[in-house]
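To start, the structure itself, in structure tokens.
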Amino acid sequence: MGTRRKESQKTKKRATTGFDFGILFAGLALLAFGLIMVLSAGAVRGYNATQNSYYYVFQQLKWAVLGGAAAVLTARVPYTFWRKWAGAGILFSAGLLAVVHFTDAGVVVAGSARWLDVAGMSVQPSEISKLAVILFYAHILDRYPVQKAKDLTIPLLVLAPFLYLVYKQPDLGTMLVIGASAVALLLQTELPFRWFAGAFPVIITAGYHLVRGNDYQWKRILVWLDPWAYPNSSGYQITNAEIAFGSGGMFGVGLGRSLQKYGFLPENHTDTIFAMVGEELGLLGTTTLLLLYIYLIIRGYHVARACPDRFGRLLAFGITSSLAIQTVMNMAVVTGVIPVTGITLPMISYGGNSLLITMVELGLLLNISRYRAASPSVRSEKQASAQPSV
């Protein structure tokens, strides 16, 4: 690795401002939006499975309360504290992934072993890994700046087993989110961009052979190219998502009035909930949701840019990039822009682990926002006020 950066986090930091209201507003708005959509999208499935139309929204609400408590904790404890746990976090999450892959403890759902049953609760190690990798990368890239190609050794060696273990679940979508988030952080190093541009064809070629060698994933590519050729089999999900968007039109059929949730659109309360937004709330609803995400991401990058130390900047940048990547991927899948990868829409899709980790990430962003440097205009006003009056 490169030369070790001098320790700066030992100096106690004091918050210089309040929480970023934009992130708080967008986060709460997305949470409320998600709970309403889970209530609507999961009503029929919940009643059929448990005789309770509110089953899924109550489950999501429990995780929201837990996530809210975790977000308050991460928002209040100085973010520099969490870097002490970067190494332990990466080992813990890797251990959980190994347990899922190498033992019989993994809970298999829809052909994928992605969960562990812990005290009656389903824990998804890949969700924990997304945050663990970002925290570790922010720590290691700050402590040992990457200045030469050989300095990438440790970051890449740490990343490789995560990508492998998540891919083998199989969970290609989360693997891509973790990998893309890591690449986004590596782009913040001192290496020239041509190194990454040169690696891009190699990554694409390797990805092609990886997918081509797996019949299940290769069939997804073929279905994506022409989903209507398989309307009653492999293309069933994407064709019904397109029907949902088409039915919604400009203003939607009305909240709670979806027809696709009556057994037509698979995973309508999880991976494809964006199609439910399109059907019930129309283009107006999907645009509103998209604008909320854009606003949240812009505020996240603003917080990253204004953070006074490199670790905080990297952490905020990594979290924001991860949220942006996952959001774009989910929307692209549901609208048919990219092949199906099976990944949730942050804060909107049903899924306790995803919601909990996302709220922890938002808590960290709010924490970092308390330490951001004042803008030039604010500094000039403070300097002016400090001048003695004549």
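The values are calculated or read from the model by the stated rules, or taken from the named source; none is laboratory data. What you are looking at is a predicted structure, and each value in this text was computed from that prediction instead of being measured. Neighbour counts run over all protein chains shown; Cβ positions are idealised from the backbone, glycine included.
Any chance the range 236-244 includes a residue that's farther than 21 Å from Val328 by Cα, touching a helix residue (DSSP H, G or I) at 6+ places or on another chain (Cβ under 7 Å) and either surrounded by 14 or more Cβ atoms within 10 Å (Cβ to Cβ) or not polar (S, T, N, Q) (or both)? No. Applying the condition of being touching a residue at least 60 places away in the same chain (Cβ under 8 Å) and basic (Lys, Arg) to the range 277-312 and asking which residue is surrounded by the fewest Cβ atoms within 10 Å (Cβ to Cβ) yields Arg310. Filtered by the rule that a residue be more than 15 Å from Thr335 (Cβ to Cβ) and in a loop (DSSP other than H, G, I, E, B), the range 269-297 gives His269, Thr270. Before we move on, is Leu191 under 23 Å from the mean Cα position of the chain (by Cα) and closer than 24 Å to Thr320 by Cα? Criteria not met by Leu191.
Has the range 50-58 got at least one residue that is out of contact with any Phe, Trp or Tyr (no Cβ under 6 Å at 6 or more places or on another chain), of a type in the set (Gly, Ala, Ser) and farther than 30 Å from Tyr301 by Cα? Steps first, answer last, please.
First, the residues of the range 50-58 that are out of contact with any Phe, Trp or Tyr (no Cβ under 6 Å at 6 or more places or on another chain): 50-52, 54-55, 57-58.
Keeping just the survivors that are of a type in the set (Gly, Ala, Ser) gives none.
No: zero hits.
On the stretch given as the range 36-55, residues that are within 21 Å of the chain's Cα centre (by Cα) and surrounded by fewer than 22 Cβ atoms within 10 Å (Cβ to Cβ) total 1.
Within this structure, Pro308 passes the test of being within 30 Å of Phe81 (Cβ to Cβ), assigned to a loop (DSSP other than H, G, I, E, B) and over 24 Å from the mean Cα position of the chain (by Cα). When the helices (runs of 4 or more DSSP H) confined to the range 75-151 are screened for residues that are of a type in the set (Asp, Glu) and either in contact with a Gly (Cβ under 7 Å, 6 or more places away or on another chain) or farther than 21 Å from Asp309 by Cβ (or both), none reaches at least 3 such residues. Restricting attention to the range 171-222 and to residues that are over 27 Å from Phe136 (Cβ atoms) and in contact with a helix residue (DSSP H, G or I) (Cβ under 7 Å, 6 or more places away or on another chain), the residue that is surrounded by the most Cβ atoms within 10 Å (Cβ to Cβ) turns out to be Gln217. Determine whether Glu242 is outside any helix (DSSP H, G or I) and either more than 27 Å from the chain's Cα centre (by Cα) or not aliphatic (A, V, I, L, M) (or both). No; evaluated as a whole, the condition is false for this residue. Could you check, for the range 282-299, whether at least one of its residues is modelled with pLDDT of 95 or more and more than 27 Å from Gly42 (Cβ to Cβ)? Yes, the range 282-299 has at least one match.
The set of residues from the range 128-170 being surrounded by fewer than 23 Cβ atoms within 10 Å (Cβ to Cβ), touching a residue at least 12 places away in the same chain (Cβ under 8 Å) and of a type in the set (D, E, K, R) comprises Asp142, Arg143, Lys148, Asp151, Lys168.
Residue check: is Met359 within 18 Å of Val72 (Cα to Cα), of a type outside the set (Asp, Glu), at pLDDT 95 or above and in a loop (DSSP other than H, G, I, E, B)? Step through it out loud before you land on a result.
On the way: within 18 Å of Val72 (Cα to Cα): yes; of a type outside the set (Asp, Glu): yes; at pLDDT 95 or above: yes; in a loop (DSSP other than H, G, I, E, B): no.
No.
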